[in-house]
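Only one structure is covered here, and it is reproduced in the block below.
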Amino acid sequence: MAPHRTDQLIRPRVASTRSVGVWLLLTSIVAAVASGLLMYERIQLWRDADYTTACDINPWVSCGLVMDSWQASSFGFPNIFLGVVGFPLAILVAVTILGRVPLPRWYWLGLQAGVTFALGFCIWLWSQAVFVIGALCPYCMVVWAAVIPMFVIVTARNIATGALPVGPGLQKFSADWWWVAIVLIYLVVVGSIILQFPQAFTG
């Protein structure tokens, strides 16, 4: 009975193959749609420099302003290309997971590397938008909102199953509190936006 109890403690339901697949599929679809909308707006701006994007709402909420910044092409090409290519691949991975195809550890570690890069890049873009550019891109924020649970849940799964070797304390912590990590990150992002852009909410 003891081993079964320990297994229950360190393997949250969110770490089950089906749960990870569902979460990854939903978040990837949301991020892919937002990336597609961003690509559409970017193309319109290439065609017409005077084009007003659908998410140019006010001086503080403006996709166009953000897309005109150097941060929007961090690697020498529009960041949008990363999302347009990456998130459909994540959808394919999610479908593979839901299809109950046995996946080796290296595959999960590759997925971990992908979602870790995505979160790290989103954190950098958030900091640039909020504290440097001084404008928010709604479609970009949808991508941030999708990547956060994507990263946390894949990480929780990999910790719970031993794909990421950690101590039992961290294993139990991630099993019990993975959802708190999502909430806390959301609160930090929302709080920073409210503090930095009070005009956007008060008029």
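Coordinate-derived values only; no laboratory data. As the structure is a prediction and not an experimental result, all values here were calculated from the model. Here Cβ is always computed from backbone atoms with ideal geometry, including for glycine, and neighbour counts include all displayed protein chains.
List the residues whose amide H sits under 5 Å from the amide H of ILE57, counting only those 5 or more places along or on another chain, with H placed 1.01 Å from N in the peptide plane.
Sorted by chain and number, the residues that satisfy this are SER62, CYS63.
Starting at the first residue of the range 81-94, write each ³J(HN,Hα) from the Karplus equation 6.51 cos²θ - 1.76 cosθ + 1.60 with θ = phi - 60°, in whole Hz, x for Gly and Pro.
Per residue, the Karplus-derived 3J(HN,Hα) values read 4, 4, x, 5, 8, x, 6, x, 5, 5, 4, 4, 4, 4 Hz.
Please compute the length gained on full extension between TRP179 and LEU109, using 0.36 nm multiplied by the number of residues separating them and subtracting their Cα-Cα distance. Before the final figure, lay out each step's value.
Values: separation 70, 0.36 × 70 = 25.20 nm, distance 2.11 nm.
Gain in length upon complete extension: 23.1 nm.
Output needed: Cys residues of the chain lacking any neighbouring Cys C-beta below 4.7 Å, sorted by number.
CYS122
If you compute Rg/Rh (Cα atoms, Kirkwood Rh) for the structure shown, which of (i) 0.93; (ii) 1.03; (iii) 1.07 do you land on?
(ii)
Obtain the nm distance between the two label points defined at THR96 and THR17 by a simple spin-label model: each point lies 7 Å from its Cα along the Cα-to-C-beta direction.
The modelled label-to-label distance comes out at 1.4 nm.
Compute the long axis of helix 168-196 from its Cα atoms, compare it with the longest principal axis of the Cα atoms of the chain, and write down the angle in degrees, 0 to 90, nearest 10.
That helix lies at roughly 10 degrees to the long axis.
Could you give each residue of the range 49-63 its phi-based ³J(HN,Hα) in whole Hz, using Karplus coefficients 6.51, -1.76, 1.60 with θ = phi - 60°, and x for Gly or Pro?
5, 8, 5, 9, 5, 5, 10, 8, 9, 7, x, 9, 10, 8, 5
Would you work out the relative contact order for the range 13-202, in percent, from Cα pairs under 8 angstrom that are 6 or more residues apart? Show your work: numbers first, answer last.
Values: 198 pairs, mean separation 63.5, N = 190.
In percent, rounded to a whole number, it is 33.
Give the shape of the range 39-96 as rounded, prolate or oblate, defined through the alpha-carbon gyration tensor: a ≥ b ≥ c are the square roots of its eigenvalues, a/c under 1.5 means rounded, and otherwise the shape is prolate if a/b is larger than b/c and oblate if not. Numbers along the way, then the final one.
On the way: a/c = 2.29, a/b = 1.97, b/c = 1.16.
Judged from the Cα gyration tensor, the range 39-96 comes out prolate (a/c at least 1.5, a/b above b/c).
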